[in-house]
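What follows is one structure encoded as structure tokens, with my remarks underneath.
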Amino acid sequence: MIISFFVSCEYLGLGGMLIFCSSVIFLLFIFSGFSFFLYYGLMNEWFGLDFFGFLMVGLVVLVLILSLVSMAKEVCFGGKIPVKEGIEIPTMLVSAVCVVVFCAANWMDFFFFFEFSLVPTLWLILGWGYQPERLQAGVFMMMYTVSASLPLLLILLVMWLLESTDKMLLGSLLVENGSSISKWCWLFVMLGFLVKLPIYFFHGWLPKAHVEAPLGGSMILAGVLLKLGGYGVIRFLWIMCMNLSSVMLWVVVVSLWGGFLSSVICLVQSDLKSLIAYSSIGHMAMSLGGMLSMFTIGKMSGVALMFAHGLCSPCLFCLAASVYDWSHSRSVVLNKNVLRLFPLLSFFWFSFCVLNMGVPPSLNFFSEVFCVASVLWLSWVFSFPAGLMCFMAGCYCLFLYSVVNHGSVPVVLRSVSLINERYSYSFFFSFLILMGGFLFMDYIFV
């Protein structure tokens, strides 16, 4: 941590020093045993926080640091490649908006910043994307998310009129004491969050956005923006005091089978970033299944899986970007034999591939085990899609590692120079948190 701090100071100046110091502070709070955020509490009229929101804020800071450190073309082959200036501004803006979302005490403020996060993300894709198709990817992202959020806005306005307040805490108390809010409205409320996660059938915007976004945008998108959907699901299940119903079980079925189908799609992808993006759909489906099981351990494991995925997936995008810097292609056909050319980079490929598939005793492993257990407690029928999803996760992670690290190198490519230290320090820092996170599960399973 200290070495990475000095490296970030050297390359990012005072801004890097302040960002890394703030991340250290968040980590100390998260892992030190402070429990004053254990229950939801209002800090003032506008901000409310509990340990769940505090954990997500810490995740935002960590992913922001990884993205700022990694998007400056750290793999130096014959000299550093200059980056188009200004990319750090929308990256920091997205992170700041997400922090406000996780701390908002009013659901109208939550909705405003929940949707406003699309604006700097669209700015990232259109301004720093690699391909001409970035305009289509931006339109897909805006149409999917805005269309699904219109029913959410209508229900929130109706709740505001009926309860005469938009405070999350007060709204939860009113529902517990017999509010006039109909229980079927939760489906329209959840629609905006299911697109943001996303689950299968609502995922069309995600691979396009990942493929066309720059490295920093992909890392923020996978590490933070997808977590807004899971955060909204947990918050509004609490606000509306929802119980398990047959409709909710159908949502769990669709999400689990959709996660299995997205895992199958990973095996036939020819683009590294698209493969990693489809793997995110499967992990978020497993997290949603744990949260909608209505068991306490399911909710806690879903939160822990979001945190683990929020650190693992950005590192996989970093690794894909490092391979792209070498070969100028994201094709799995062209990128081969990293094991012989860059042994240290191959070690990190292996580390994060096995973390992504849930190797014990990592935080990913315990999160997925408890998520699967929570959906199995609902019904043994879920054992089939959940088992298939776990099996396919192992298959595409092994496929991802083997196809990149083995094979013969095309004659048009040659290896030169070494890997920059910032890549190594960032990967090692994330690997340490994920592999040692089981020692602090009291503060991550919240």
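Kindly flag which residue pairs out of LYS167/LYS273; LYS167/LYS208; LYS299/LYS336; LYS273/LYS299 have an alpha-carbon separation exceeding 32 Å in this structure.
LYS167/LYS273; LYS167/LYS208; LYS299/LYS336
Order by neighbour count: VAL57, VAL359, fewest other Cβ atoms within 10 Å first, most last.
VAL359, VAL57
Using the Cβ atoms and a cut-off under 12 Å, what net charge is assigned to the surroundings of GLY407, where Lys and Arg are +1 and Asp and Glu are -1? It would help to have the intermediate numbers written out before the result.
On the way: positive: LYS336, ARG340; negative: none.
Around GLY407, the charge tally is +2.
Give me the Debye-computed log₁₀ of I(q)/I(0) at q = 0.09, 0.10, 0.15, 0.18 Å⁻¹ for the range 162-284, equal point scatterers on Cα only, no solvent, two decimals.
-0.32, -0.39, -0.74, -0.94
Between beta-carbons, use under 12 Å as the cut-off and find the net charge around ARG134, counting Lys and Arg +1, Asp and Glu -1. Kindly include the intermediate steps, with their values, before the conclusion.
Details: positive: LYS208; negative: GLU133, GLU212.
Value of the local net charge: -1.
Fully extended, how many nm does the chain gain between SER329 and VAL146 (0.36 nm per residue separation, minus their Cα-Cα distance)?
On the way: separation 183, 0.36 × 183 = 65.88 nm, distance 3.23 nm.
Length gained between SER329 and VAL146: 62.6 nm.
Using a 10 Å cut-off around each Cβ, can you sort THR165, THR145, THR296 from fewest to most neighbouring Cβ atoms? Let's see the in-between values first.
On the way: THR165 15, THR145 22, THR296 10.
Sorted ascending by nearby Cβ count, the order is THR296, THR165, THR145.
With 10 angstrom as the radius, rank GLU88, GLU45, GLU368, GLU133 by how many other C-beta atoms surround their C-beta, starting from the fewest.
Numbers: GLU88 19, GLU45 9, GLU368 26, GLU133 13.
Ranking GLU88, GLU45, GLU368, GLU133 by Cβ neighbours within 10 Å, fewest first, gives GLU45, GLU133, GLU88, GLU368.
Between beta-carbons, use under 14 Å as the cut-off and find the net charge around LEU156, counting Lys and Arg +1, Asp and Glu -1.
Numbers: positive: LYS167, ARG235; negative: ASP109, GLU115, GLU163, ASP166.
Counting the neighbours of LEU156, the net charge comes to -2.
We did not get these values from a lab; they are worked out from the coordinates using the rules stated. Keep in mind it's a predicted model, so treat the numbers as computed, not measured. Every residue, glycine among them, receives a Cβ derived from its backbone with ideal geometry; neighbour counts consider all protein chains shown.
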